[in-house]
Amino acid sequence: MFKKIMNKKLLKNQKGLTLIELLAVIVILAIIAAIAIPAIGNIIENSRYNAAKSDAINVINAANLYFTDEGSKDGEEVDFKTLKTNKYLDNAGKFEDKDAEGIVKKVAGGNTLSGKVKYSGEKTVNFNAATITVINDDKQKGSAPGDKDIPKK
């Protein structure tokens, strides 16, 4: 008899989630997901864009070594394939893609890179006689729509 009374009291004190509470939690999670997913996508796009800029700086630095070793004069040019063949560059990153282009020109004020590379899907970044300083000073976001130009037109 005592057991039956205790069981009834315990059952009355038990609480669980109602359907409305469960739906409220699901709606809150959906709102958080709707905000977080595009933000994560933008972070990934910006990272890919910054990686392409980093690859460009690596190509310019490898060209600096090439020009120094070869005793090149102002106005001479070298492409990333030559840099890789002559072992000045181990990996050209995005510049190794089949559609990528890139020429580094020796200039007294700082060697310049001219070319283009895809960094995400069909998005490209165009380097128009860009120096390392110009590339580092670029504040464009890779997640913004359209192709990017460095320096910005």
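Among strands (runs of 3 or more DSSP E) lying entirely in the stretch 31-134, which contain 3 or more residues that are surrounded by fewer than 17 Cβ atoms within 10 Å (Cβ to Cβ) and on the phi > 0 side of the Ramachandran plot? Break it down stepwise before answering.
Working: elements: 77-79, 101-105, 112-120, 123-130.
By residue number, no strands (runs of 3 or more DSSP E) qualify.
Report, by residue number, each residue of the stretch 118-147 that is at pLDDT 90 or above, under 13 Å from the mean Cα position of the chain (by Cα) and either within 18 Å of E101 (Cβ to Cβ) or aromatic (F, W, Y) (or both). Scanning the stretch 118-147 gives K118, Y119, K123, T124, V125.
The values are calculated or read from the model by the stated rules, or taken from the named source; none is laboratory data. Everything numeric here is computed off the predicted structure, so don't read it as measured data. No Cβ is skipped: glycine too gets one built from the backbone with ideal geometry, and neighbour counts run over all protein chains shown.
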